[in-house]
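Student: Have a look at this one before I ask anything.
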Amino acid sequence: MINIFEPQLAYDELEAIREVFQSKWIGRGKRVAEFESAWAKHLHTTPNHVIALPCATDGLFEAMSLCGVWPGDEVIIPSIHFSGALTAILEQDGEPVFCDVDERTLNARLSDILKKVTKKTRAVVLNNYGGVPCDIDKIRAGLPEGIKIIDDAANSPASLLLDKPTSEWADYSVYSFDAMKVISTGDGGMLYCRSSRDAQLARQELYLGQSSTTGYDSHKARWWEFEIDFPGRRAIMNDVTSAIGLVQLKKLQYYVDRRKKIWDKYNERLSEIDELLLPPPIPNHIKSSYYLYWIQTPKRDKLAQYLKDNGIYTTFRYYPLHLAWRHKLVKLPNSENINATTLNLPLHCGLSDEQVDYICDKVKQFYD
Ligand SMILES: *Cc1c(COP(=O)(O)O)cnc(C)c1O
């Protein structure tokens with residue numbers, strides 16, 4: 001079976017892990033600090049705005065809490081979005097307000113969001129579908145002041161809008177390194193906070209609410225003592241994961257370049273099929289991470305089964321959340337059409353040119 005996603009982990013990552021094992025410090029330590037610094041640089045910011053996490057979902061939950069979402073507050077969420085973005089709202093007892101998306105880019109536009117803004121709107125949680133940034137610059141400029149923007153950048157670790165990462169326009173951005181993403185550490189994530197105070201608060205909330213440094217780095221005579229300022233959980237990254245992340249980050253641009261080649265090949269070969277809609281061209285002011293490739297066809301289910309029967313695994317990201325949650329009375333026509341027609345084809349660096357050709361051949365055969 002040709003996988004839809006595949007991690008690229010090899011000898012360099014093994015070497016990095018070996019060094020961590022030999023250091024006898026596998027918990028949160030200097031590798032985590034290095035990875036946070038490197039990620040901060042990647043986002044054109046400083047390490048005091050960036051926190052390494054066990055996964056991006058933890059970042060969504062933390063961001064939702066830092067936004068100050070209280071029971072009854074509304075949070076606007078595009079229906080085509082990762083389920084954890086919704087459960088993060090529910091966890092705060094917030095009210096999710098689903099908005100529609102563009103039928104071809106699968107990203108929410110300013111107009112989709114403005115339709116749902118009320119006096120109770122506290123935040124918006126955006127997605128950058130398939131690695132293509134949404135119009136977060138226009139959304140930031142067009143939203144009433146005081147509404148926070150959470151930028152779910154799990155699809156878009158290397159993406160740029162006007163030469164800047166989308167975090168430029170966000171209050172919070174989250175990144176994922178889970179097994180299916182452009183770079184992978186097994187599981188892992190990063191949270192960016194525009195305010196360094198928020199970042200500091202998050203760091204404390206994600207480590208048991210403790211403020212003082214304990215242990216080896218403490219200058220106190222009794223270094224085992226600590227203070228708990230408020231409740232907190234323990235959601236941190238360790239040095240093993242960070243060592244992998246540091247190696248993966250160095251290869252990020254290389255991965256994106258290879259993904260772009262596959263994307264371009266799909267575009268070129270599948271454009272011959274009249275019945276298929278392909279992703280819209282990527283505008284010049286945008287750099288994508290090429291995380292997902294998507295086609296749209298009324299025969300989606302049959303095509304998916306045909307490809308599976310021919311050893312090609314496909315899927316659809318993301319099943320509309322207004323259908324998954326209790327809001328089936330909301331009508332979001334674009335999201336519902338997308339749900340009926342969209343299919344993601346395999347896109348990862350483990351694909352050979354021959355496999356990409358094979359996939360294109362099979363899609364063509366289906367329509368012959
Ligand atoms: C994968 C993904 C996440 C969750 O990432 P984890 O690290 O697995 O928690 C969140 N949002 C989007 C859009 C994703 O694709």
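The values are calculated or read from the model by the stated rules, or taken from the named source; none is laboratory data. For clarity, every value in this text was computed on a predicted model and none was experimentally measured. A quick note on method: Cβ atoms are made from the backbone with ideal geometry, for glycine too, and the neighbour counts reach across all protein chains shown. Calculation scope for accessible area: heavy atoms of the full protein, side chains included, ligands and nucleic acids excluded. Shrake-Rupley method; radii C 1.70, N 1.55, O 1.52, S 1.80 Å.
Student: Within segment 338-350, identify whether any single residue is open to solvent by 30 Å² or more (accessible area, probe 1.4 Å) and in contact with an Asp or Glu (Cβ under 6 Å, 6 or more places away or on another chain), and answer yes or no.
Tutor: Yes: one or more hits.
Student: Also: Go through segment 292-307 and give me each residue that's out of contact with any Ser or Thr (no Cβ under 7 Å at 6 or more places or on another chain) and either open to solvent by less than 40 Å² (accessible area, probe 1.4 Å) or not acidic (Asp, Glu) (or both).
Tutor: Leu292, Tyr293, Ile295, Lys299, Lys302, Gln305, Tyr306, listed by residue number.
Student: Look through segment 2-56, keep the residues that are farther than 25 Å from Ser218 by Cα and basic (Lys, Arg), and return whichever of them is most open to solvent (accessible area, probe 1.4 Å).
Tutor: Looking at the filtered set, the residue picked out is Lys41.
Student: Based on this model, can you work out whether Ala179 counts as out of contact with any helix residue (DSSP H, G or I) (no Cβ under 9 Å at 6 or more places or on another chain), open to solvent by 10 Å² or more (accessible area, probe 1.4 Å) and small (Gly, Ala, Ser)?
Tutor: Values: out of contact with any helix residue (DSSP H, G or I) (no Cβ under 9 Å at 6 or more places or on another chain): yes; open to solvent by 10 Å² or more (accessible area, probe 1.4 Å): yes; small (Gly, Ala, Ser): yes.
Yes, satisfied.
Yes/no per residue for (1) open to solvent by less than 80 Å² (accessible area, probe 1.4 Å); (2) assigned to a loop (DSSP other than H, G, I, E, B):
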{"residue": "Trp224", "(1), (2)": "no, yes"}
{"residue": "Lys250", "(1), (2)": "no, no"}
{"residue": "Tyr255", "(1), (2)": "yes, no"}
{"residue": "Lys265", "(1), (2)": "yes, no"}
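Student: Kindly indicate which of Ile113, Ile136 is farther than 25 Å from Leu347 by Cβ and surrounded by 22 or more Cβ atoms within 10 Å (Cβ to Cβ).
Tutor: Residue meeting the stated conditions: Ile113.
Student: Could I ask something else about it? From (1) surrounded by fewer than 18 Cβ atoms within 10 Å (Cβ to Cβ); (2) at negative phi, pick out the condition that doesn't hold for Gly311.
Tutor: Condition (2) is where Gly311 drops out.
Here's the yes/no breakdown for (1) under 30 Å from Leu276 (Cβ atoms); (2) among the β-branched types (Val, Ile, Thr); (3) modelled with pLDDT under 95; (4) within 16 Å of the ligand (Cβ to nearest atom):
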site	(1), (2), (3), (4)
Asp58	no, no, no, yes
Glu74	no, no, no, no
Gln92	no, no, no, no
Leu106	yes, no, no, yes
Leu114	no, no, no, no
Thr121	no, yes, no, no
Leu126	yes, no, no, yes
Ile149	no, yes, no, yes
Ser156	yes, no, no, yes
